[in-house]
Amino acid sequence: MDLSYFDILAPDLPVVFCGINPSAQAAVSGHNFGSASNRFWPVLHLSGFTPERIAARDDRRLLEFGCGITAAVSRATRS
């Protein structure tokens, strides 16, 4: 399965987060770091990358804040 749709990229982004590969839960939900227990989204806000907390379902909004996401491997795994 091609999971390249998980890439959220645009030219000249100042920040790109690179995960190892999408989780099985992300593949099911269709959103990066989509597990309810994943700490990426709260920490992203707490560290100042976004002015508000956004949810995994709104992952495309990262571009509004000059951030992107990609994965080293585009194949989903359970761990």
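The values are calculated or read from the model by the stated rules, or taken from the named source; none is laboratory data. Small disclaimer: the values here were computed from a predicted structure and weren't measured. Neighbour counts run over all protein chains shown; Cβ positions are idealised from the backbone, glycine included.
Quick notes
- Only residues that are under 17 Å from residue 17 (Cα atoms), in a loop (DSSP other than H, G, I, E, B) and not β-branched (Val, Ile, Thr) were counted across the stretch 52-74, and they come to 5.
- Out of 12, 7, sole residue that is touching a strand residue (DSSP E or B) at 6+ places or on another chain (Cβ under 9 Å) and acidic (Asp, Glu): 7
- Some residue of the stretch 49-70 being loosely packed, with under 11 Cβ neighbours inside 10 Å and of a type in the set (A, V, I, L, M, F, W, C): no
- Complete set of residues in the stretch 22-33 that are surrounded by 15 or more Cβ atoms within 10 Å (Cβ to Cβ) and outside any helix (DSSP H, G or I): 22, 23, 31, 32, 33
- Some residue of the stretch 51-59 being acidic (Asp, Glu) and at positive phi: no
- Residue 17 in contact with a strand residue (DSSP E or B) (Cβ under 7 Å, 6 or more places away or on another chain) and among the aromatic types (Phe, Trp, Tyr): yes
- Residues in the stretch 34-48 include none that are more than 13 Å from the chain's Cα centre (by Cα), at pLDDT 95 or above, part of a loop (DSSP other than H, G, I, E, B) and surrounded by 11 or more Cβ atoms within 10 Å (Cβ to Cβ).
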